[in-house]
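The values are calculated or read from the model by the stated rules, or taken from the named source; none is laboratory data. What you see is a predicted model, and the numbers here were worked out from it, not measured in a lab. Neighbour counts are summed over all protein chains in view; Cβ atoms, including those assigned to glycine, are modelled from backbone coordinates with ideal geometry. The protein model used for the area step is the full one, side chains on, heavy atoms only, and it has no ligands, DNA or RNA in it. Shrake-Rupley method; radii C 1.70, N 1.55, O 1.52, S 1.80 Å.
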Amino acid sequence: MTITKEVEQGQAVYSKPVLWLYDMWVLGISNRFIWKCPTPGILEHFNRNISSNHLDVGVGTGYFMDRCHFPSDKVRLALMDLNQNSLDISAQRVARYNPTQFRCNVLDKITLETEVFDSISLNYLFHCLPGKLPEKLVALDNVATLLSDSGTVFGSTILSEGVPKSGAAKKLMAIYNKKGIFSNTQDCEEDLDTFLASRFKEYKIEVRGCVALFSARHKITG
């Protein structure tokens with residue numbers, strides 16, 4: 001597994017103590033008051049797009065897998081992240097689904113031997129990856145190899161350009177980018193739109209506050 005210094009910085013902050021505070025600070029406070037995209041709206045986005053054969057990439061604390069509504073009681077769930085702390089905490093939280101864990105760097109090609117999934121989520125991942133958005137969206141190409149032909153990929157990311165930012169949002173985003181937690185100073189909806197249009201027959205982007213919620217299905221092949 002190849003892990004650059006920039007990739008390591010983006011995920012290293014998620015120690016176990018930090019993860020215990022994550023739900024309160026990020027999902028409870030930051031989303032509602034700073035990024036202006038309250039967590040219930042992101043959860044609703046999950047519920048609209050998730051299948052019962054699902055891969056969650058960039059798992060955080062497992063909050064959304066714990067709170068979402070799978071379409072059926074028979075759930076096949078897999079968790080993918082570079083940070084083992086996140087994988088462990090999330091797997092414990094959704095132990096009732098007996099999830100499979102994959103520790104991967106999504107910026108590398110993924111060569112797992114596993115059955116494909118009918119839905120894949122990437123929530124709050126891209127703004128933590130190094131580089132400009134068109135470059136780091138290669139992560140979506142990599143995980144899409146695990147998506148069924150008619151499957152849905154969806155998620156969210158915090159944008160910097162072309163979105164309304166309060167003084168608090170500008171300050172916090174600057175701090176996170178300086179520390180290497182974020183790398184999104186040039187991330188914009190247009191780049192996300194261009195990428196999805198080139199990879200999928202159907203896609204949708206909705207911007208709420210600083211956050212882009214996206215979904216796409218029916219991969220373009222050939």
- Is it the case that Lys132 is of a type outside the set (A, V, I, L, M), under 22 Å from Cys210 (Cβ atoms) and open to solvent by 70 Å² or more (accessible area, probe 1.4 Å)? yes
- Message: Can you tell me which residue is farthest from Asp141 (Cα to Cα) among those in the stretch 200-222 that are open to solvent by 50 Å² or more (accessible area, probe 1.4 Å) and among the hydroxyl-bearing types (Ser, Thr, Tyr)?
- Response: Tyr203
- Query: In the stretch 175-189, which residues are open to solvent by 60 Å² or more (accessible area, probe 1.4 Å) and either over 18 Å from the mean Cα position of the chain (by Cα) or polar (S, T, N, Q) (or both)?
  - Reply: Ile175, Lys178, Lys179, Thr185, Gln186
- Residues being open to solvent by 10 Å² or more (accessible area, probe 1.4 Å), under 18 Å from Ser51 (Cα atoms) and touching a helix residue (DSSP H, G or I) at 6+ places or on another chain (Cβ under 8 Å) - total across the stretch 77-100: 2
- Any chance Ala197 is over 25 Å from Phe33 (Cβ atoms), surrounded by fewer than 17 Cβ atoms within 10 Å (Cβ to Cβ), without any contact (Cβ under 8 Å) to a residue 12 or more places away in the chain and small (Gly, Ala, Ser): yes
